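Beneath this line is the structure, given in structure tokens, with notes to follow.
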Amino acid sequence: METIFNNKHIIYLAIDQAKIAKRPIVMTKILYRNNEKIITFFSIASICSAFSLTIINSITVILFFVYWLLFVDKEFSKNTFRSKAMLLYILLYSVLVVGLFYTSNLTEGFRKIQQQSPLLILPLIFGTLPSKYVRINFSAIAKAFVISVFLFMLFALGYGLSNFYQSGDSDVFFAHSLLLFSDWQPVGASLAALVAIQIIGFNFFDNAATLPRKKKLLSLLLIFFFFILILLLANRTVVVCLFFTIAAFTLKFKSYRKSILFFFLITSLITSAAAIYTPKFKSQVIDALDFSPNNTIPLDTDSSLRGWGGKAIRIALWKCSFDVIKAHPIIGVGTGDAMDSLSAACENRKFYFASRYNKYNSHNQYLENTLKTGIVGLLILITTFLIPFFKKDKSAVTYLGKIFAVCFILCCVTDTMLDLNKTIILYSFFSSIFTLYIPKENWN
């Protein structure tokens with residue numbers, strides 16, 4: 001009897017162990033079966049979590065990478081445009097890794113490598129997805145992104161209103177004061193709002209004949225809301241990009257040219273009013289148009305005690321950056337030494353405002369990459385930025401990618417976009433989606 005019981009016990013135990021062993025296999029099959037949905041989910045989570053804490057966004061991107069590594073088949077062919085483009089994105093990141101080998105400040109170098117890891121991870125994911133999975137639901141991603149930007153901007157207005165109630169200072173409704181998270185800069189937040197406008201506007205005109213009236217009204221209200229927030233964030237370059245977007249839409253949707261020109265007129269009038277009546281944006285416009293000697297920082301002379309506008313500081317930083325580049329033209333100073341070298345150059349030119357009292361980067365992505373990795377790194381950066389213009393298909397996603405590329409290229413003239421956490425995510429995600437994505441025919 002005892003032997004029979006023991007035998008039954010062994011049999012039941014073996015069955016239980018078989019079930020346990022089978023669970024990972026079943027789970028793996030479920031994951032493989034739902035790959036397209038899970039990839040879409042992680043795509044949405046990766047870009048939408050950018051509007052939360054940086055640590056949450058970083059964890060989300062890492063989880064996306066781990067899932068891709070373990071459960072997604074990879075497809076690579078060196079003869080396809082997608083694979084060649086992906087390799088160029090990887091090269092952009094790799095040259096920064098090479099810069100670690102001759103940098104003095106390894107701590108800063110490794111921090112930069114970690115910060116810019118999405119430049120490697122997201123193109124690697126979207127560049128190797130099999131064709132059967134790469135047709136992810138762009139409509140769902142676009143909708144989730146627009147909603148996230150809307151909620152983020154709504155929260156920004158609420159934050160500004162709360163600060164105004166406490167301080168009575170109207171300046172809290174402008175620029176940095178609107179942004180709760182310190183790693184969101186006005187240029188990044190306003191660029192996100194502009195991308196939302198581009199997505200909504202393209203969908204509006206591309207589907208004007210079939211779009212319900214309520215959705216048209218909602219689209220116009222959202223565009224107006226994001227436009228007002230761009231003006232409140234007071235970044236001059238993004239405002240220029242907004243007008244470029246209108247011009248691009250005019251060329252694309254010729255049958256709706258009158259409507260787009262009317263929108264251009266309204267946008268111009270509101271922007272002009274903002275330049276006259278809102279103190280922050282007014283000062284930005286005046287600073288941009290003032291080329292007098294009083295608005296130019298004289299190098300080799302200590303002018304630290306004066307207050308300077310953003311344009312004057314940038315021009316002085318660019319001049320000092322060229323001093324460093326002349327000394328290290330080919331491979332730069334290394335990934336971690338750009339700021340230290342620039343600070344030393346500012347000190348040498350008696351620009352003490354930047355070397356002793358503040359710490360600045362070059363405020364120009366092209367100069368920043370040249371400082372770190374020389375002319376070699378600059379050429380790779382420019383080539384990478386131009387990838388969308390070599391994509392031949394005429395889909396909506398590809399056209400949006402070209403508009404986004406031009407806007408990002410312009411923003412990089414006045415800011416180090418790939419040295420800011422949030423704009424790194426914006427660029428890595430949307431450049432990957434727009435360039436490496438194979439769109440469905442209908443993304444409405």
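Using the Cα gyration tensor of segment 70-214, with a ≥ b ≥ c the square roots of its eigenvalues, what is the shape: rounded (a/c below 1.5), prolate (a/b larger than b/c) or oblate (neither)?
Numbers: a/c = 3.03, a/b = 1.22, b/c = 2.47.
Oblate, because a/c is 1.5 or more while a/b does not exceed b/c.
When a footprinting reagent is the concern and you count Cβ atoms within 10 Å, what order do S272, S43 take, fewest first?
S272, S43
Checking the cross-link filter: which aspartates and glutamates have an alpha carbon closer than 14 Å to that of K215, excluding same-chain neighbours under 8 positions apart?
Partners within reach: D206.
So which of K216/K392; K112/K392; K311/K422; K258/K311; K216/K422 end up more than 28 Å apart by C-alpha?
Distance filter (> 28 Å) returns K216/K392; K112/K392; K258/K311; K216/K422.
When the chain is treated as a GNM, springs tying every alpha-carbon pair under 10 Å, which of S355, S303, S167 comes out with the largest mean-square fluctuation?
In this elastic network of the chain, the residue with the biggest mean-square fluctuation among S355, S303, S167 is S167.
For the pairs K84/K394; K214/K402; K214/K254; K280/K402; K280/K350, note any where the Cα-Cα span goes beyond 21 Å. List each step's numbers first, then the result.
Numbers: K84/K394 19 Å; K214/K402 29 Å; K214/K254 24 Å; K280/K402 31 Å; K280/K350 29 Å.
Correct reply: K214/K402; K214/K254; K280/K402; K280/K350.
Could you size up the charge dipole of segment 317-409 around its Cα centre, putting +1 on the beta carbon of Lys and Arg and -1 on that of Asp and Glu, and report it in debye to the nearest 20? Let's see the in-between values first.
Working: 11 positive and 6 negative charges, 55 e Å.
Here the size comes out at about 260 debye.
Going by average Cβ neighbours within 10 Å, how do the peptides 293-301, 414-422 rank, with the highest at the top?
Values: 293-301: 12.8, 414-422: 21.7.
Put in order of decreasing packing, that is 414-422, 293-301.
Once you've got the GNM for the chain with C-alpha springs shorter than 10 Å, pick whichever of S139, S83, S268 has the biggest mean-square fluctuation.
S268
Among (i) 1.15; (ii) 1.05; (iii) 1.03, which is the computed Rg/Rh (Cα atoms, Kirkwood Rh)?
(ii)
Anyone know which of Y366, Y67, Y357 comes out most mobile in the 10 Å Cα GNM of the chain?
Of the options given, Y357 has the highest mean-square fluctuation.
Have a look at F253, Y89, Y360 and report the one farthest towards the positive end of the charge dipole of the chain, computed about the Cα centre with Cβ charges (Lys/Arg +1, Asp/Glu -1).
After comparing all options, I get F253.
Please sort 170-177, 74-81 by packing, taking for each peptide the average over its residues of neighbouring beta carbons within 10 angstrom, highest first. Spell out each step's value before the answer.
Values: 170-177: 17.6, 74-81: 11.0.
Descending mean neighbour count gives 170-177, 74-81.
None of the figures in this text is laboratory data; all of them are computed from the coordinates on show. From a predicted model like this one, the values you see are computed outputs, not experimental measurements. Note: ideal-geometry Cβ built from the backbone for every residue, glycine included; neighbour counts use all protein chains shown.
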